[in-house]
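Q: This is the structure I want to talk about, given as structure tokens.
The values are calculated or read from the model by the stated rules, or taken from the named source; none is laboratory data. Everything quoted here is computed from the prediction, not taken from an experiment. Note: ideal-geometry Cβ built from the backbone for every residue, glycine included; neighbour counts use all protein chains shown. Heads up: the accessible areas ignore ligands, DNA and RNA and are worked out on the full protein's heavy atoms, side chains in. Shrake-Rupley method; radii C 1.70, N 1.55, O 1.52, S 1.80 Å.
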Amino acid sequence: MKTRVFQAIAMLSILAACAGESSYDLVLYGGRVMDPETGLDSILNIGVRDGKIALLTDEQISGDVELDVSGLVVAPGFIDLHAHGQSPSDLALKAQDGVTTALELEVGVYPVAEWYATLE
């Protein structure tokens with residue numbers, strides 16, 4: 001009898017722990033998730049915890065903030081290797097297009113120290 005009670009308590013503890021893990025800070029529902037590196041291209045739900053993707057699933061999940069992103073693409077930030085606009089306002093516009101890294105690899109800027117000073 002004691003063994004069964006212990007097993008029941010252990011099972012409930014495991015279920016409670018699993019239930020706690022299923023809640024996320026942010027959930028994005030139904031987006032087209034694309035990752036060029038792995039070739040992933042699927043409609044999925046995304047669970048974000050502590051600022052990091054914790055789960056990609058086609059199952060229903062819950063979170064503190066839930067957003068329906070159906071019809072939208074969810075992808076890693078894009079890298080623009082030939083971006084002419086390097087001012088903060090230009091970079092803000094690029095971010096709205098999903099560009100998280102914008103580089104001007106054609107010529108660059110000179111003198112570099114003065115350019116850095118304009119960004120401060």
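Q: Among the residues of region 60-82, is there at least one that is open to solvent by less than 70 Å² (accessible area, probe 1.4 Å), over 27 Å from Asp25 (Cα atoms), at pLDDT below 95 and assigned to a helix (DSSP H, G or I)?
A: So the first thing to find is which residues in region 60-82 are open to solvent by less than 70 Å² (accessible area, probe 1.4 Å), and the list is 61-63, 69, 74-77, 80.
Retained after the next criterion (residues that are over 27 Å from Asp25 (Cα atoms)): 80.
From the residues that got through so far, the ones that are at pLDDT below 95 too are 80.
Adding the requirement that they be assigned to a helix (DSSP H, G or I) leaves none.
No, that holds for no residue.
Q: Is there any pair with a first residue in region 31-57 that is within 16 Å of Ser70 (Cβ to Cβ) and outside any strand (DSSP E or B) and a second that is open to solvent by 50 Å² or more (accessible area, probe 1.4 Å) and among the basic types (Lys, Arg) whose Cβ atoms are under 8 Å apart and which are 6 or more apart or on different chains, and what are they?
A: none
Q: Another question, then. What are the residues in region 93-120 that are of a type outside the set (S, T, N, Q), part of a helix (DSSP H, G or I) and under 25 Å from Ile46 (Cα atoms), if any? Reasoning before the result, please.
A: The first filter runs over region 93-120 and keeps only residues of a type outside the set (S, T, N, Q), leaving 93-95, 97-99, 102-117, 119-120.
Right, trim to part of a helix (DSSP H, G or I) and you get 93-95, 112-117, 119.
Matches in region 93-120: Lys94, Ala95.
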